[in-house]
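Here's the structure we're looking at; comments come further down.
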Amino acid sequence: MNSSRWRRRVAVAVAIGVISGCAASNESTSGSFAGSPYPGGTGGAAAGGAGGGTSGAAGTGGSLPPEQEVESAYESPVATGRYVWIANPASGRVAYVDAVTLEVKTTEAGNGPDVLAPVPDANDDVAIVINSLSSSATILRADKSGAIDTKELPIAAGSNSWAISKNGAWAIAWTDARNVSAANDAQGFQDITVVSTAKGQESATRLSVGYRPVAVSIASDESHAYAVTQDGVSVVDLQAAGGPAATRLVPISADPLEDPGTRDVAITPDGKFALVRRDGSSHLSVVKLDDGQLIDVALPGSVTDMDVSPDGTHAVAVIRDTGQAAVLPIPGIVTEPTTFDTVSVTDAVVGSVAMAAGAETALLYSNASDQERVVQLDYSASPPATQTLKLHAPVLAVFVASTGANAIVLHNPLPGTPDGSAGAFSVMNIAPLLPAKIVGTKAPPSAVALTPAGDFAVVAERDDTTKVYGAYLIKSANQQVDRYELASPPIAVGTLTAARRAYVAQKHPEGRLTFIDLDSGQARTLTGFELGARVVDGTSN
């Protein structure tokens, strides 16, 4: 999912155990299955499908409930080139684990470090953490020898999310109101802090944006930042004389009283355009962020989902009622709003889209339907081509590798299980195309990560009531799946391709990480980051 995109969250899409936000690793497609109905969580019934059977023929979905977004990426821990960083709010320290040697070191942060993000850097491994109790952020920089340097800067109180620029020059701390319980209307959460991460020149600038931001992104050239708010898009000039400055507010609707909760907003990576979808509307708005011009794009029916490709050259809009997907060229759609490709899907219900980060391909699906299939959309072709792919259980969430060649599909709990709590996932090899392999799990899946090439993936499972915890390593080449028993609840997963390892972070008072060698399958668990990080167990598979 594009990090510049905000979609209105549904009630079941709640993070389990940790704060949600940035990706768990900058090297993998990763996320948590926040709609997972595992006992002890807050998800309730599984999203998208409970009581929502198919409506009529495949390709139509007029009487189905809304599509649900259940993919949500976890923020802590995070991974950089070869390190996994884990914050300990109780001790005020951050542990960093060398994924190659498994050596663990710790360093002081501020008071209550809890929200981490990786920062791209050409020379060092860099992360940044919000210290919630001291209203500060600490930049953590490890050089090639493993020596650590820290820099603490003041930030706006209550910050709970990060936006990081493509090359790591800027980090923006902001407050996502959806992660604040019992907020009242007087809390606008309009303060953001722009942090310059340049080594030896670190600085922080406090600014104000529109009411209750729901997403913050930074242009790929790192010149401007954009906050999607209830008032519109606030624009921040990062290169302004005298330092970063909020320069303007761009309305994203002709109706200033429009309900912002009905909007789905995507900003292109170059920061030139915002695309706006509205619940129940067959019209998309394209907003030019330099001059505020609104361009109306009329589609054949109500758009149930919309996303922008990571390179910003296309947008895909899904129209469930008519069984269609529209591929909009960017920036072509701005000057010719009636010129775009539409494709019809007659043998599947499609209401949502998952786009690959590095290929012109996407997977279309519906989690409001009981249909057991996904549709591959190749929008590099003209006209775009589709292929319906068979699965063996209803779809709940889809995670696509950057290349688009592989995917992991999570399913709703399967009927016939004794307690109804077990789940399943499918391993999909799309290029070359192989039959999808379904894997039944002992507990509901809770987190997913794929390597960028899609050659490996890891899926965690969690049931707090039965105390069943595990992780699955998937080798895509031969669809080999191996399960690893975990001693404590998994909270996040990720991969580090440079170190050839996957990791599973677990909930434990002293800190616990399990590393799995991608090639050999050997697993080793580290417990006790504050106690010398001894290796307490290990398994070989």
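Hey, for a label at GLU258 modelled as a point 7 Å past Cα toward Cβ, could you say which residues of region 216-240 have their backbone N under 16 Å away?
Residues 228-234 fall inside that zone.
Search the structure for amide H atoms under 5 Å from the amide H of ILE330, placed 1.01 Å from N in the peptide plane, and list their residues when 5 or more places away or on another chain.
Amide H neighbours of ILE330, under 5 Å, 5+ apart: HIS314, ALA315.
Where in region 246-274 does the label zone of SER223 land, with the point 7 angstrom along Cα→C-beta and an amide N cut-off under 19 Å?
The answer is 246-250, 267-274, whose backbone nitrogens lie closer than 19 Å to the label point.
Can you tell me the order of 515-528, 210-223, 178-191 when each peptide is scored by its average per-residue count of other Cβ atoms within 10 angstrom, highest first?
Highest-to-lowest ranking by the protection proxy: 210-223, 515-528, 178-191.
Provide the FRET efficiency to the nearest 0.05 for the ASP237-LYS199 pair, computing r from the beta carbons and using R0 = 25 Å.
It comes to 0.65.
Give a residue-ordered list of calculated ³J(HN,Hα) values for region 189-194 (Karplus: 6.51 cos²θ - 1.76 cosθ + 1.60, θ = phi - 60°; whole Hz; x for Gly, Pro).
My calculation for region 189-194 gives 6, 8, 7, 10, 10, 8 Hz in order.
Do any of LYS166/LYS507; LYS437/LYS475; LYS144/LYS199 go past 21 Å between their Cα atoms, and which?
LYS166/LYS507, as the Cα separations exceed 21 Å there.
First measure r as the distance between the Cβ atoms of ILE438 and SER282, then evaluate 1/(1 + (r/R0)^6) with R0 = 41 Å and state the FRET efficiency to the nearest 0.05.
With a Förster radius of 41 Å, E is 0.70.
Which distance in nm do the two modelled labels at ASP464 and ASP341 give, with both placed 7 Å along the Cα-to-Cβ direction?
4.6
Express the relative contact order of region 296-453 as a whole percentage, based on alpha carbon pairs under 8 Å and six or more residues apart in sequence.
Normalised by residue count, the contact order of region 296-453 is 14 percent.
Let me have the relative contact order for region 87-227, percent, based on Cα pairs under 8 Å that are six or more residues apart.
15
When N counts the residues of region 152-279, how does its alpha-carbon radius of gyration compare numerically with 2.2 N^0.38 Å, as a ratio?
1.03
The numbers here are math on the coordinates, done by the rules we state, and not lab data. Predicted model, so just to flag it, every value in this text is computed and none were measured. Don't worry about glycine lacking a Cβ; one is built from the backbone with ideal geometry, like all the others, and counts go over all protein chains shown.
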